Amino acid sequence: MENQISCPNCETTIEYEVVDSIHEQSSAIQELFEGSLNRVNCPACAIEFHVQTPITFRSDDGQYIIFYKPRTEGEDWRETEKQMQIVLDEMASELPPELDPEARLVLDRNQFIEKIAAYINNIDDRIMEYVKFIMYRNGDVVWPLQDLYYDFNTTNPDHLEFTMMTRQAGNAEKTLSIPMEVYKQFIDDEHQEFDPDTIFPGLYVQVERLVDQ
């Protein structure tokens, strides 16, 4: 079904079929990774832009959901998380308890890509975000001037790698990494010191949740 989109530059009305739901095996995932999903070329002024629209990702078994809701100016993630929790609860009410889906909320496109890639590559995003927090705490990255994103294109299987980007310009500056052995220590957690559900109690599993405390 086509939607009427307004060009952010010249306000021309454009007919475009917006994708608002994708599945684990969908070809739309590759389009998302490449940057072409919901990217419109305005026939009037020739600029290209991404349609800012909510998108939902679902795993094949329906047990993992990622809600992407583009952040609006002045929006607080805490309020958005509450709203999306209501939506999730309504969805879960129609399912037996054992089929309650695990869900995440993201507020920008890069986070959406990152969460899907982490899921596909079997990376626990709670550990991933906590590792980011350690990097911020140690001064490897400066909050809120720089963002870290999981580098799912890495060719080094022995390290969990992150791309550091400047928030204002959106430029990739460098790559930071930790040995996968460190990541696995969080999974094994022999002393039971790391409780991801306590650290990330809601849908918003982002390092922002920790650095804002």
task = Would you give the gap between the C-alpha center of region 117-194 and the C-alpha center of region 34-63, rounded to a whole Å?
result = 25
message = Just want to confirm a number: the relative contact order over region 1-97, from Cα pairs under 8 angstrom separated by 6+ residues, in percent.
response = 19
query = What span do the alpha-carbon atoms of the chain cover on each of the three principal axes, reported in whole Å from largest to smallest?
reply = 60, 46, 34
ask   = Whole number please: convex hull volume per residue of the Cα set in region 141-213, in Å³?
value = 117
remark   = Heavy-atom accessible area of region 1-133 with neighbours in place, 1.4 angstrom probe: carbon+sulfur share in percent works out to 45
Average accessible area per residue (Å²) across the chain - probe 1.4 Å, nucleic acids and ligands excluded = 57
remark   = One checks the Cα atoms of region 1-99 and finds Rg and Dmax, in Å, of 16.2, 52
message = Report, in listed order, any pair from 132/174; 82/184; 69/115 with a Cα-Cα distance greater than 20 Å.
response = 82/184
inquiry  = What does the charge count around residue 176 come to, taking other residues whose C-beta lies under 10 Å from its C-beta (Lys +1, Arg +1, Asp -1, Glu -1)?
reply    = -2
task = Mind checking region 22-96 for GluC sites (Glu not before Pro) that DSSP puts in a loop (not H, G, I, E or B) and that have at most 13 other Cβ atoms within 10 Å?
result = 73, 75, 94
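The values are calculated or read from the model by the stated rules, or taken from the named source; none is laboratory data. What you see is a predicted model, and the numbers here were worked out from it, not measured in a lab. Note: ideal-geometry Cβ built from the backbone for every residue, glycine included; neighbour counts use all protein chains shown. Surface areas here come from the heavy atoms of the whole protein model, side chains and all, with no ligands, DNA or RNA. Shrake-Rupley method; radii C 1.70, N 1.55, O 1.52, S 1.80 Å.
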